[in-house]
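Data first, discussion second: the structure below is written as structure tokens.
Laboratory data are not the source of any read-out in this text; all were calculated from the coordinates shown. Here the structure is a predicted model, which is why all the values come from computation and not from measurement. Note: ideal-geometry Cβ built from the backbone for every residue, glycine included; neighbour counts use all protein chains shown.
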Amino acid sequence: MSHDLVVIGSGPGGYVCAIKAAQLGLKVAVVEKWPTLGGTCLNIGCIPSKALLHASEMFEAAGHSFATFGIRVGKPELDLKAMLGHKDSVVESNVSGVAYLFKKNRIDIVHGTGSVAGPGRVSVAKADGATEVLEAKAIVIATGSDSAPLRGIETDEKRIVTSTGALALPEVPKRLLVVGAGVIGLELGSVWRRLGSEVTVVEFLDRILPGLDGEVARQAQRILQKQGFAFRLSQKVTVIDQSGPALKVTVEPAAGGTSEVIETDVVLVAIGRRPYTAGLGLKEAGVALDERGRVKVDAHFQTNVPGIYAIGDVIAGPMLAHKAEEEGVALAEILAGEAGHVDYGLIPSVVYTHPEIASVGRTEEELKAAGTEYRVGKFPFSANGRARAMAEKDGFVKVLADAATDRVLGVHIVGPYAGELIAEACVLMTFAGAAEDLGRICHAHPTLSESVKEAALAAWTKPIHL
Ligand code: FAD
Ligand code: NAI
């Protein structure tokens, strides 16, 4: 079979690239080794985790916050099987949605493990042992990433799990020890804490959520601690003894020193993800990787081998579904002879804890390091009428604006629906808007978004309601 484009991997990078390319008139095939489409994000990542985060948040609200609103209910009872069933059905409807879109756009799906067999040739090893060779003018590597292992510790997805096992625990562990205070640790830690686990997070660094604005991360840590999270910062896990009914985890200071043993029932290893390039034939094809094992690409997503491209988690940049999608669209446009572009300075990031944490643009730490003069405007949700009505007073919005030009350089939010609120900051910053622009835009009252406006007012001049 001959195609304009063969994409290896059907995650958000690959499937979006395929759809956009087909929309632009290219003949496209996608090779996928898993039985369902959608990659990590739809099958074992973004979608199932958000289904469980929402369900567990409702469980906790029923047990703890309904009374605040004058709603008396009995103690809610957990039906974990049904909750996991809800998650599975959400995954199913999303992955079948991608299959529907492929059909609609006349994209060929080839199930099997793809590898580069030479210029313009992709070999697909099928489950029945057969091999099919596809010919293509362009090959796109969109094979994503998998969990980074903790040195010397094997995961079994039962007692020592990655995010995949943590999305499907058959019962609520009494104690859960999370290694890594990053996005996965805090999101999936939140799920199981809400359902009843005692959660301890061991983090190598002296802070949670590295990369996010420090002030926002500190506030998030305080809120999560109030919810019951126990953090052990600047510590590392060295050994896990699995011989008894409880896991015995040896933890020691990151800088070395006296170790101690913590007992737990389940360990979630969430120390990052690594690009997935195994078995792709990249070495044989002469495709260069960078020092961290990621496929190296130029500004047009082309590798050092003409005709072979790569996008998503397998290349440099934040490992986020929407980043992979934007790259997929840009690459399809480039391959169709149009101008495709991704603004890497404006990729939002959201942590779906309660409250949510969202951020776009520069952090204070980055501005300081770059020597940029900036102004800070902050507004707490405790001063927002809608947040008070919702009993969601924790957190704040922080707007960072250039001291000389007033251009907004970063927006950081910890608070209710932060993941939705950040979108207007992305729009504003895409058009190089100023704090004054945001502060002068009429925001509906009473909405949470008024806090974003007020923070912008605080950066430009003065907030009204503080
Ligand atoms: P992937 O989605 O990893 O897809 C790669 C695909 O390639 C897979 O289907 C794989 O089977 C296939 N493949 C690999 N090798 C071959 C081969 N040789 N032949 C054929 N097929 C192959 N990001 C967000 O933005 N928001 C979130 O809320 C979020 N939540 C997450 C929660 C969890 C628990 C995890 C693990 C990740 C989460 N992410 C989230 C990250 C997000 O899932 C990834 O950034 C995204 O899936 C990357 O997309 P991709 O297309 O590059 O690769
Ligand atoms: P992460 O990079 O977010 O966090 C890993 C954490 O583990 C860091 O704080 C790091 O300092 C720490 N760490 C590393 N080695 C350690 C060790 N040996 N001992 C203790 N701590 C250690 O990675 P995570 O949480 O695994 O998630 C992987 C990726 O998946 C994220 O980077 C993100 O791109 C993506 N993701 C995105 C989500 C979202 O957008 N809401 C949700 C979940 C995942």
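Key figures
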item: DSSP beta bridge pairing in the stretch 179-308, given as percent antiparallel to the nearest 5; result: 70 percent
item: Ranked packing of 408-415, 265-272, 126-133, most packed first, by mean Cβ within 10 Å; result: 408-415, 265-272, 126-133
item: Residue-span extension gain [Lys393 to His64] - 0.36 nm each, minus C-alpha spacing; result: 116.9 nm
item: Cut-off under 5 Å, modelled amide H: who pairs with Val7 long-range; result: Ala29, Val30, Val31, Val140
item: Pairwise FRET efficiency - Arg274 versus Leu205, Cβ, R0 = 30 Å, nearest 0.05; result: 0.95
item: Total charge dipole magnitude, the chain, about the Cα centre, Cβ charges on Lys, Arg, Asp, Glu only, Debye to nearest 20; result: 540 debye
item: Nearby aspartates and glutamates by direct alpha-carbon distance to Lys20 (threshold 16 angstrom, same-chain neighbours under 8 apart not counted); result: Asp4, Asp108, Glu325, Glu326, Glu327, Glu333, Glu338
item: Cross-link pairs beyond the 28 Å C-alpha cut-off, checked among Lys81/Lys323; Lys81/Lys158; Lys103/Lys296; Lys50/Lys174; Lys50/Lys248; result: Lys81/Lys323; Lys103/Lys296; Lys50/Lys248
item: R0 of 35 Å, Cβ-Cβ distance Arg121-Arg151: FRET efficiency to nearest 0.05; result: 0.40
item: The chain, helix-only ellipticity at 222 nm - DSSP H runs n ≥ 4, -39,500 (n - 2.57), divided by all residues, nearest 500; result: -9500 deg cm²/dmol
item: Interchain or long-range residues, amide H under 5 Å from Val397's placed H; result: Phe379, Phe381
item: Separation in nanometres of the label points that stand 7 Å from Cα toward Cβ, at Glu284 and Lys104; result: 3.8 nm
item: Relative contact order (%) - the chain, alpha-carbon pairs under 8 angstrom, separation at least six; result: 15 percent
item: Extreme residue, positive dipole direction of the stretch 139-202, given options Thr143, Gly165, Thr200 (C-beta unit charges); result: Thr200
item: Long-range HN-HN contacts of Ala434 with modeled amide H, under 5 Å; result: Val408
item: Antiparallel DSSP beta bridges within the stretch 10-153, percent to nearest 5; result: 75 percent
item: DSSP-defined beta bridges in the chain - what % are antiparallel, rounded to 5; result: 60 percent
item: Inter-label distance, nm, simple model (7 Å from Cα along the C-beta direction), His465/Ala82; result: 3.7 nm
item: Cβ-derived FRET efficiency at R0 25 Å, Ala423 paired with Ala339, nearest 0.05; result: 0.55
item: 10 Å beta-carbon shell around Ser359, net charge (K/R +1, D/E -1); result: +1
item: Residue order, fewest to most surrounding Cβ atoms within 10 angstrom, among Arg388, Arg194; result: Arg388, Arg194
